[in-house]
Amino acid sequence: FFAAVAAGRAQVQQEPWAETTEGTAISINCSHPNIALGDLIHWYRQLPGRGPAFLVSAHKDSKEMRVPPGRLRVAADGRSSALWLSRPRRGDAAVYYCALGD
């Protein structure tokens, strides 16, 4: 399973839960309608029993991610983003966070 929980500024919102089966791609969405000019969108994940670990950040378009395999996609207006995991494994089950910052 994949849990998605909001982090960072209060304006950042995420779905409370997202689920998939092993090997089936999943998109974890984040809404940040009040994003400021120059803000980066950061994604982290927290594996069971560990602290949060940085995954990827971007401020526009999309950015490839190697571990886990996937891509961060940012909406054209910057108001939302989606972390797309192309081939999730059981070991990728974690809490996924998005946050805004410079």
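Each value in this text was obtained by applying a stated rule to the coordinates, not by laboratory testing. If you're wondering where the values come from, they're calculated on a predicted model, not measured in any experiment. When we count neighbours, we look across all protein chains shown, and the Cβ atoms used for this are built from the backbone with ideal geometry, even at glycine.
Computed from label points 7 Å out along Cα-Cβ, the spacing between Asp61 and Ala75 is 2.1 nm. Considering only beta bridges that DSSP places wholly inside the chain, some 95 percent are antiparallel. Rounded to the nearest 20, the Cβ-based charge dipole of the chain about its Cα centre (Lys and Arg +1, Asp and Glu -1) stands at 240 debye. A DSSP coil position with no more than 15 other Cβ atoms inside 10 Å describes the following chymotrypsin sites (Phe, Trp or Tyr not before Pro) in region 3-102: Trp17. Tell me, which longest segment in the chain has none of the trypsin sites (Lys or Arg not before Pro) that fall in DSSP loops with at most 11 further Cβ atoms within 10 Å? The longest such stretch corresponds to 1-49. Treating the Cα atoms of the chain as identical point scatterers in vacuum, please give the log10 of the normalised Debye intensity I(q)/I(0) at q = 0.22 Å⁻¹, two decimals. Rounded to two decimals, the profile gives -1.15.
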